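> First, the structure itself, so that you have it in front of you.
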Amino acid sequence: MAMDSGAQQPAFRLSMLLYDSRYRSMTIQVFALFVLMFGAAWLVYNTKTNLEALGKPFGFDFLFNTAGYDIAQRPIEYSSQSTHLRATVVGLLNTLILAVMACITATVLGVIAGVLRLSNNWIVARLMTVYIETFRNVPVLIWIIVVSAVMSESMPAPSAFRGENATSSMLLFDSVAITNRGVYVPAPLFSVDLGAMLGVPNLGTGLNWLVIVAALIASFWLNKRLLAHATAVQNATGVRPKTWWKSLLIFLAPLAVLLVIFGFHAEYPELRGFNFTGGIQMRNSLIAMWIGLSIYTAAFIAENVRAGILAIAKGQTEAAYALGMQPGKTMRLVILPQAMRVIVPPLISQYLNITKNTSLGLAVGYMDLRSTLGGITINQTGRELEGMLLLMLIYLVISLIISTVMNYYNNRIKLRER
């Protein structure tokens, strides 16, 4: 006799939450969640109570107190009379500037070293092997200190650039000076302050730079559309129209117009008294951090690049050679584009490592986020908990942004099945 498919299910009972396999796993998860929430609430309440007993109520009002300390490397206006919040912003900008510089340099060096390690030239390949194995097996802090010592002890003093019989001279048409106090380079300036014209003087020339960046983004989008149109024409006719001069015009014309309108000019460093004035001073601490992080991380990126290249079937290279392509073009147009799907995922981790390793700047006096908010500000205000929570939150947000951007790029370049 067939069972009635419309038979009613047994009525729900509370005991089923423990004895019925359909509900038991959910019951355990809900119970564990409540225990975790209770533990977190107890921890927060206990911490708050203890802080109030010590006369240190939880809050971030300390950020608006006067900082009282100087920052040598500062991308925006800052003085010892500024607030701890502005000091934090300066430290954050120093962290981001260093991270961007090191990521770019490490990527370039890593790609070159990774490709050259696979070179058929025995000497070049062995030299790259020595570089990679040496630099990635020595702690990055040691390389940072070594570069700092070299810059401080080996570079000439500003006085060496003085007089007719000067022992040192400036580079690049007397625009760059490398000294034991840092590297002095020309500073880009504008005669027109767009922020002041629009009634927001606090932004300064920062608004000029925002307009320039927006123009570059628009130019990039237009150039992408131009290349897409050229590809469509090629697919339809078999002939690809020349686009190089149009791409140059798209990028250079708006940029040149904006620079002329804003009155762009360069301020060159000049030796006055006992030191150089004018221009931008890249202090030894910044140079040491930049070079140290770059050469250290580049060794890891080089191995990622080598692994990506070796993951490509040898037949791809042979097919390119059969078509008459030169080795350089084969690597640039055939091998590396396919290898990127293997290179990019570990490259994300290296970018995150660079960003977090900027906190080592304290060892050489580079005033990054760790040195300002996580160092002097906490010591002066005694707000260890708030400072560390804010510090962790900022690093977390930066890391998530890097991961999101790189994962988006990785999804764009990955192979798609048809």
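> Among the residues of the range 347-359, is there at least one that is over 25 Å from Trp143 (Cβ atoms) and either out of contact with any Gly (no Cβ under 7 Å at 6 or more places or on another chain) or free of Cβ contacts under 8 Å to residues at least 24 places away in the same chain (or both)?
Looking through the range 347-359, none of the residues is over 25 Å from Trp143 (Cβ atoms) and either out of contact with any Gly (no Cβ under 7 Å at 6 or more places or on another chain) or free of Cβ contacts under 8 Å to residues at least 24 places away in the same chain (or both).
> When only residues in the range 249-275 that are open to solvent by 90 Å² or more (accessible area, probe 1.4 Å) and among the hydrophobic types (A, V, I, L, M, F, W, C) count, which is farthest from Thr179 (Cα to Cα)?
Within the range 249-275, the match that is farthest from Thr179 (Cα to Cα) is Leu249.
> Which of the numbered conditions does Ile402 fail, given that it passes all the others? Conditions: (1) within 30 Å of Ser79 (Cα to Cα); (2) in contact with a Leu (Cβ under 7 Å, 6 or more places away or on another chain); (3) free of Cβ contacts under 8 Å to residues at least 60 places away in the same chain.
(1)
> Among the residues of the range 55-69, what is the count of those that are open to solvent by 50 Å² or more (accessible area, probe 1.4 Å), under 21 Å from Leu391 (Cβ atoms) and modelled with pLDDT under 85?
3
> Filter the range 113-156 for residues that are of a type in the set (Gly, Ala, Ser) and open to solvent by less than 60 Å² (accessible area, probe 1.4 Å); which is nearest to Ala307 (Cα to Cα)?
Ranking the candidates gives Gly114 first.
> Got at least one residue in the range 167-182 being closer than 27 Å to Phe276 by Cα, open to solvent by 50 Å² or more (accessible area, probe 1.4 Å) and part of a helix (DSSP H, G or I)?
Within the range 167-182 (the criterion being closer than 27 Å to Phe276 by Cα, open to solvent by 50 Å² or more (accessible area, probe 1.4 Å) and part of a helix (DSSP H, G or I)), the answer is no, since none of the residues qualifies.
> Test each condition in (1) in contact (Cβ under 8 Å) with a residue 24 or more places away in the chain; (2) under 30 Å from Ile309 (Cβ atoms); (3) more than 15 Å from the chain's Cα centre (by Cα); (4) open to solvent by 70 Å² or more (accessible area, probe 1.4 Å) for Gln380 and report the one that comes out false.
(2)
> Tell me, please, whether a residue that is open to solvent by less than 40 Å² (accessible area, probe 1.4 Å), part of a helix (DSSP H, G or I) and aliphatic (A, V, I, L, M) can be found in the range 396-403.
Yes, the range 396-403 contains a residue that is open to solvent by less than 40 Å² (accessible area, probe 1.4 Å), part of a helix (DSSP H, G or I) and aliphatic (A, V, I, L, M).
> Being open to solvent by less than 20 Å² (accessible area, probe 1.4 Å) and either touching a Cys at 6+ places or on another chain (Cβ under 7 Å) or at pLDDT 85 or above (or both) is the filter here; which residues of the range 184-212 pass it?
Listed by number, the residues that qualify are Tyr184, Ala187, Asn208, Ile212.
> Quick check on this structure: which one of Ile261, Ile212, Ile250 is among the aliphatic types (A, V, I, L, M) and out of contact with any Leu (no Cβ under 7 Å at 6 or more places or on another chain)?
Step by step, each of Ile261, Ile212, Ile250 is checked, and only Ile261 is among the aliphatic types (A, V, I, L, M) and out of contact with any Leu (no Cβ under 7 Å at 6 or more places or on another chain).
> Right, here's the next one. Sort through Ala106, Ala72 and tell me the only one that's open to solvent by less than 60 Å² (accessible area, probe 1.4 Å), among the aliphatic types (A, V, I, L, M), farther than 30 Å from Ser349 by Cβ and out of contact with any strand residue (DSSP E or B) (no Cβ under 7 Å at 6 or more places or on another chain).
Ala72
> Which of the residues belonging to the range 28-73 are aliphatic (A, V, I, L, M), within 30 Å of Asn94 (Cα to Cα) and assigned to a helix (DSSP H, G or I)?
Matches in the range 28-73: Leu63 only.
> Now a separate question. Looking at (1) open to solvent by less than 50 Å² (accessible area, probe 1.4 Å); (2) polar (S, T, N, Q); (3) without any contact (Cβ under 8 Å) to a residue 40 or more places away in the chain, which is the only condition Thr297 fails?
(3)
> Would you check if there is a residue in the range 76-98 being in contact with a helix residue (DSSP H, G or I) (Cβ under 7 Å, 6 or more places away or on another chain) and open to solvent by 60 Å² or more (accessible area, probe 1.4 Å)?
Checking the range 76-98: at least one residue is in contact with a helix residue (DSSP H, G or I) (Cβ under 7 Å, 6 or more places away or on another chain) and open to solvent by 60 Å² or more (accessible area, probe 1.4 Å).
> Quick one: which of Leu362, Leu352 is touching an Asp or Glu at 6+ places or on another chain (Cβ under 9 Å) and either assigned to a helix (DSSP H, G or I) or open to solvent by less than 20 Å² (accessible area, probe 1.4 Å) (or both)?
When all the criteria are applied, what remains is Leu362.
The values are calculated or read from the model by the stated rules, or taken from the named source; none is laboratory data. Here the structure is a predicted model, which is why all the values come from computation and not from measurement. Quick reminder, even Gly has a Cβ in these numbers, built from the backbone with ideal geometry, and neighbours come from all protein chains shown. To get the accessible areas, we keep the full protein, side chains included, count just its heavy atoms, and leave off ligands, DNA and RNA. Shrake-Rupley method; radii C 1.70, N 1.55, O 1.52, S 1.80 Å.
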